[in-house]
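Just below is one structure, and these are the notes that go with it.
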Amino acid sequence: MIKLPEIERKSKEEIKAFQNELLKKQLGYLQENSAYYSELFKNQNIDIESINSVEDLIKIPVTTKDELQKYNEKFLCVPKSEIADYVSTSGTSGDPVLIAMTDEDLERLAYNEALSYDCAGLNTGNTLQLTTTLDRRFMAGLAYFLGARKAGIGVVRVGSGVPELQWDTIRKIKPDALICVPSFLLKMIEYAEENNIDYRNSSVKKVICIGEPLRNQDFSDNVLASKIKSKWPLELYSTYASTEMATAFTECEAGMGGHHHPELIICEFLDENDQPVTEGEAGELVVTTLGVRGMPLLRYKTGDIVKPYHEKCSCGRTTFRLGPLVGRKQQMIKYKGTSLYPPSLLDLLNDFEEVKHYVIEVFSSEIDEDEIQVKVFSTNETDEMLDRIKDRFRAKVRVSPRIQFVSEPEILKIKFPENSRKAITFLDNRKS
């Protein structure tokens, strides 16, 4: 069982001072070991001795995914002989980026995930079923496994898909919790109902959900979470994480945002001009990793628009919490005068029982304006169903994109492309 770090219950001022000290150490490490950042400091005439606080980071240019991709090896801070594992991003928002990890980085990764399990109330004596892959350079699956072992949690590695195998494992091993993509829970429910499995009374009581949102911006359950809970009375815990930052923000039982771990990461929230937003406003999350030896990142732009919440949580933690993802900056759609993010569109489609699969494509019109095409596989392909979907879009987001019914094989080919680790539900085919 991992003990909750004292810093997570300290005052805002104490957390700030704590992070300022860790930042100074990380800057020194980058100056000495990172070819990329030492060159950046030199070329920009940056004296790291002048960076004494998180607020001073504004003096340093941000790092983008394009730069991490283009100069990948320059970010490496250790000899290749010290690399213990290579992971890569999923590539859902661009080409996959390779990240090299040392033994110390793997230990940090395990510690991070052990803290996440503690947030969700999982510790020694619990058993966790992983419905995610550990292969294909996937960091998350590795993190869940290493973190569980560090926390004293038993693990059964089933892997992705195959509801029959998931239920057979649950019957035999009786795990307390799952790591799962929430939409896959609906597949498990469907299989259980078709095969007379009493899933509501199974051993599984909690699910740490990955890859898809569970909350609306006011922290209420979104359509997907409501649909799952209406069938299966589970405790669902939302998470936010990325390979580049090797850190996760996981909800506690309060369900009011993912908790920040100050010893692992520094977070900034910036506007379109890379300037800090007013405290409490949503902005692009920019991160500085702490304690990473292999490929530490300084002011790395995640591309994700999120809102921080600074009030003390009912669980006793005083660290800030990340609210539900508003959207990815590069995926913002300007459609008929309305600004939209894919999560708001995807959630609408989850509200229809008849809609089994969907993919949203955005592309450029002949006059370079954003256009939206929604491809849907539905068990009901009538004009009445089409009108219902269009009416829901008009009511919720005030616009109605093109809706097209397609066959199941056609949409599955788009949604699950070869070699992809994640289901693809949004395609950005704009010219830019």
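Taking only the range 364-409 into account, find how many residues are among the acidic types (Asp, Glu), open to solvent by 80 Å² or more (accessible area, probe 1.4 Å) and touching a strand residue (DSSP E or B) at 6+ places or on another chain (Cβ under 8 Å).
The total comes to 2.
Within the range 83-101, does at least one residue satisfy the condition of being in contact with a helix residue (DSSP H, G or I) (Cβ under 9 Å, 6 or more places away or on another chain) and in a helix (DSSP H, G or I)?
No - not one qualifying residue is present in the range 83-101.
Which condition breaks for Glu193 when tested against (1) at pLDDT 95 or above; (2) surrounded by 14 or more Cβ atoms within 10 Å (Cβ to Cβ)?
(2)
Give just the number: which of (1) in contact with a Pro (Cβ under 6 Å, 6 or more places away or on another chain); (2) closer than 24 Å to Phe249 by Cβ does Leu134 not satisfy?
(1)
Looking at the range 274-289, can you tell me whether even one residue there is open to solvent by 30 Å² or more (accessible area, probe 1.4 Å) and assigned to a strand (DSSP E or B)?
Taking every residue of the range 274-289 in turn, at least one turns out to be open to solvent by 30 Å² or more (accessible area, probe 1.4 Å) and assigned to a strand (DSSP E or B).
Only residues that are open to solvent by less than 40 Å² (accessible area, probe 1.4 Å) and assigned to a loop (DSSP other than H, G, I, E, B): list them for the range 196-211, please.
Ser202, Ser203, Val204, Ile210
Identify the residue in the range 145-154 that is in contact (Cβ under 8 Å) with a residue 40 or more places away in the chain and touching a Ser or Thr at 6+ places or on another chain (Cβ under 9 Å) and, among all such residues, is surrounded by the most Cβ atoms within 10 Å (Cβ to Cβ).
Only one residue tops the list, namely Ala151.
Within the range 218-270, take every residue that is outside any strand (DSSP E or B) and of a type in the set (Gly, Ala, Ser) and give me the one that is farthest from Pro5 (Cα to Cα).
Ser230
Would you mention how many residues in the range 94-128 are modelled with pLDDT of 95 or more, open to solvent by 30 Å² or more (accessible area, probe 1.4 Å) and under 30 Å from Lys70 (Cβ atoms)?
Qualifying residue count, the range 94-128: 4.
What number of residues in the range 396-428 are in contact with a helix residue (DSSP H, G or I) (Cβ under 8 Å, 6 or more places away or on another chain) and part of a loop (DSSP other than H, G, I, E, B)?
Here the count works out to 6.
Would you check if there is a residue in the range 157-168 being open to solvent by 10 Å² or more (accessible area, probe 1.4 Å), basic (Lys, Arg), more than 13 Å from Trp232 (Cα to Cα) and assigned to a strand (DSSP E or B)?
Looking through the range 157-168, at least one residue is open to solvent by 10 Å² or more (accessible area, probe 1.4 Å), basic (Lys, Arg), more than 13 Å from Trp232 (Cα to Cα) and assigned to a strand (DSSP E or B).
Taking the condition touching a helix residue (DSSP H, G or I) at 6+ places or on another chain (Cβ under 6 Å), at pLDDT 95 or above and open to solvent by less than 30 Å² (accessible area, probe 1.4 Å), does Leu178 pass?
Judged against the criteria, Leu178 is not a match.
One residue is enough: does the range 307-314 have a residue meeting the conditions in a loop (DSSP other than H, G, I, E, B), buried (at least 17 other Cβ atoms within 10 Å of the Cβ) and of a type outside the set (Phe, Trp, Tyr)?
Yes, because at least one residue in the range 307-314 is in a loop (DSSP other than H, G, I, E, B), buried (at least 17 other Cβ atoms within 10 Å of the Cβ) and of a type outside the set (Phe, Trp, Tyr).
Within the range 363-390, which residues are under 16 Å from Ser344 (Cβ atoms) and either at pLDDT 85 or above or part of a helix (DSSP H, G or I) (or both)?
Val374, Ile389, Lys390
The values are calculated or read from the model by the stated rules, or taken from the named source; none is laboratory data. What you see is a predicted model, and the numbers here were worked out from it, not measured in a lab. Positions of Cβ are generated from backbone atoms using ideal geometry, with glycine treated the same way; all protein chains shown enter the neighbour counts. Keep in mind that these areas ignore ligands, DNA and RNA; they rest on the heavy atoms of the full protein, side chains included. Shrake-Rupley method; radii C 1.70, N 1.55, O 1.52, S 1.80 Å.
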